[in-house]
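What follows is a set of notes on a single structure, which appears directly below.
The values are calculated or read from the model by the stated rules, or taken from the named source; none is laboratory data. Every value quoted in this text rests on a predicted model; they were computed, and no experiment measured them. Don't worry about glycine lacking a Cβ; one is built from the backbone with ideal geometry, like all the others, and counts go over all protein chains shown. Heavy atoms of the whole protein, side chains included, go into the accessibility calculation; ligands, DNA and RNA do not. Shrake-Rupley method; radii C 1.70, N 1.55, O 1.52, S 1.80 Å.
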Amino acid sequence: MRAVVQRVNGASVAVDGRVTGEIVGEGLCVLVGVTHDDTPERCAQLARKLWSLRVLQDEKSCSDVGAPLLVISQFTLYGDARKGRRPTWNAAAPGPVAEPLVDEVVAQLRALGAHVETGRFGADMKVSLTNDGPFTVLLEV
């Protein structure tokens, strides 16, 4: 499981011109990719890492300051463009496998006490954010 984590000062995601998820102020925008051998245990591990990751102002975590997270599924994180000019998506888990695991990351975050907003799995989403720093990190569990 991979996640691109961006420290933001506000972020939103829209589908068909309608906002489906939005966070205001300091928080994290998290793009989550799922591969074939990911498990619910990895979802819990990623959620714990995201909730406690000390990347906000003054080395605080979302759990320290109650900062929200915007979690968006993104199968393209497992794209491979090493050969040719077109990426392959072979390492990305198919929708029926990936969707419940992304949902599990969100559920685990909420169980930890996080305020989580989301996109819509499989939709053509438009993501807007203000990257604070800029600060972006790649997590793999």
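Some values worked out for this structure:
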item: Complete set of residues in region 99-126 that are over 13 Å from the mean Cα position of the chain (by Cα) and farther than 17 Å from Ser52 by Cα; result: Pro100, Gly122, Ala123, Asp124, Met125, Lys126
item: The one condition in (1) more than 25 Å from Gly10 (Cα to Cα); (2) of a type in the set (Asp, Glu); (3) surrounded by 19 or more Cβ atoms within 10 Å (Cβ to Cβ) that Asp80 fails to fulfil; result: (3)
item: Hits in region 17-35 - residues which are charged (D, E, K, R), out of contact with any helix residue (DSSP H, G or I) (no Cβ under 9 Å at 6 or more places or on another chain) and either under 11 Å from Val127 (Cα atoms) or touching a residue at least 24 places away in the same chain (Cβ under 8 Å) (or both); result: Glu22
item: Members of region 1-43 that are of a type in the set (Val, Ile, Thr) and either in a helix (DSSP H, G or I) or surrounded by 22 or more Cβ atoms within 10 Å (Cβ to Cβ) (or both); result: Val8, Val13, Ile23, Val30, Val32, Val34
item: Pairs where the first residue, in region 108-123, is in contact (Cβ under 8 Å) with a residue 24 or more places away in the chain and open to solvent by 70 Å² or more (accessible area, probe 1.4 Å) and the second is of a type outside the set (Ser, Thr, Tyr) and assigned to a loop (DSSP other than H, G, I, E, B), C-beta under 9 Å, 6+ apart; result: His115/Gly66; His115/Ala67; His115/Pro68
item: Per-region count, region 127-141, residues of a type in the set (Phe, Trp, Tyr) and either surrounded by 15 or more Cβ atoms within 10 Å (Cβ to Cβ) or over 19 Å from Trp51 (Cα atoms) (or both); result: 0
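Residue-by-condition table, conditions (1) out of contact with any strand residue (DSSP E or B) (no Cβ under 8 Å at 6 or more places or on another chain); (2) surrounded by fewer than 16 Cβ atoms within 10 Å (Cβ to Cβ):
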{"site": "Leu53", "(1), (2)": "no, no"}
{"site": "Leu56", "(1), (2)": "no, no"}
{"site": "Lys60", "(1), (2)": "yes, yes"}
{"site": "Asp64", "(1), (2)": "no, yes"}
{"site": "Leu69", "(1), (2)": "no, no"}
{"site": "Ser73", "(1), (2)": "no, no"}
